[in-house]
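All remarks here apply to the structure that follows.
The values are calculated or read from the model by the stated rules, or taken from the named source; none is laboratory data. Since the model is a prediction, treat every value here as computed from it, not as a measurement. Positions of Cβ are generated from backbone atoms using ideal geometry, with glycine treated the same way; all protein chains shown enter the neighbour counts.
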Amino acid sequence: MAKITEQDRHLYHERVKSFIGMTRTLQDNEKNILEEIEKDTSDAPMRKLILTDEMLNLASNYIAINGVSQSVLKSKNEEALNDGRKTLYKAVIYLEEVVTNFIDAPFSEYEEKLAAIGSFDQNQRYNLIKKMGLAIDLLEEAYGDNSKWRWTFVELEGRFAAAAKNIIDLRSVVANRNPESPYYDSIVYHIRLIKKLLAQAADRYREKYELSTGQMLDFKTGILFLAALRRIHVVLAENEEAESIKKKYSIWKAKLEADMKKQEEAKKKA
């Protein structure tokens, strides 16, 4: 790696100055909004959505700081990346507090939560989810393939997938899939994204189980995401797709039960 000169350092600090200033502003915004919520909880869900968006902006600043570091200093800014990762978790947590973190649950179990954000329309919901997905992708890319945080992102992606599903009003989906609806495009793209994210989360959790942890909880979580995906297909009356996922679910469940049996037998022998 080339030696970093004083000129490089000066250039780096000049280029990140605006990002650091914005970072402080966004941190102050978060603090102020949390104080407002503490004083008055009546509009907390909508304020939490604002917090989610602010945290995505903050994470983007950290990612940008790392980008400048790589461009000017030819090295990653691990501190900025780690701050970005923690901030993205906060964004997901704020969103979960609004729409729940349920992976596989009937819509009726969290429908009341969505009633509190009725003024936040479908287009806004989809845009927020797109923004969050982009931030997660950019941060993963910034860390690189061999990052020690590789498996941590499985959880972050999974929680994002569940929140992306839970923020959409499934009761209005059918009505708004009419091409004449002002929400038609966002409904179609949002549903398509949800399916992709749920399938990806299921596969990634199984991969984590197989290649990293060997923990049954990871495999069980992957199976839960399959169940959630099947539920979406059932709600949309996509019978062939629902049946296909049901078969995959059954195969995975059988594999889990077989692995659990092997584990129990190994414990007895030990």
TODO: Take Gln200 and decide whether it is surrounded by 14 or more Cβ atoms within 10 Å (Cβ to Cβ) and assigned by TED's automatic domain parsing to the domain that holds Asn82.
DONE: no
- [ ] Please specify each residue of the stretch 128-146 satisfying the condition of being over 17 Å from Thr87 (Cβ atoms) and more than 12 Å from the chain's Cα centre (by Cα).
- [x] Gly144, Asp145, Asn146
TODO: Would you mind telling me which numbered condition in (1) surrounded by fewer than 18 Cβ atoms within 10 Å (Cβ to Cβ); (2) within 17 Å of the chain's Cα centre (by Cα) Arg177 fails?
DONE: (2)
Open item on the list: Quick test of your reading of the structure: Asp259 fulfils all but one of (1) in a helix (DSSP H, G or I); (2) loosely packed, with under 14 Cβ neighbours inside 10 Å; (3) more than 24 Å from the chain's Cα centre (by Cα). Name the failing condition by number.
Closed with: (2)
- [ ] Answer yes or no: is there a residue in the stretch 63-77 that is in the same structural domain as Gly133 (by TED's automatic domain parsing), closer than 22 Å to Arg150 by Cα, without any contact (Cβ under 8 Å) to a residue 40 or more places away in the chain and buried (at least 16 other Cβ atoms within 10 Å of the Cβ).
- [x] yes
- [ ] Could you please find all residues in the stretch 106-117 being in a helix (DSSP H, G or I) and either in contact (Cβ under 8 Å) with a residue 24 or more places away in the chain or polar (S, T, N, Q) (or both)?
- [x] Phe107, Ser108, Glu111, Lys113, Leu114
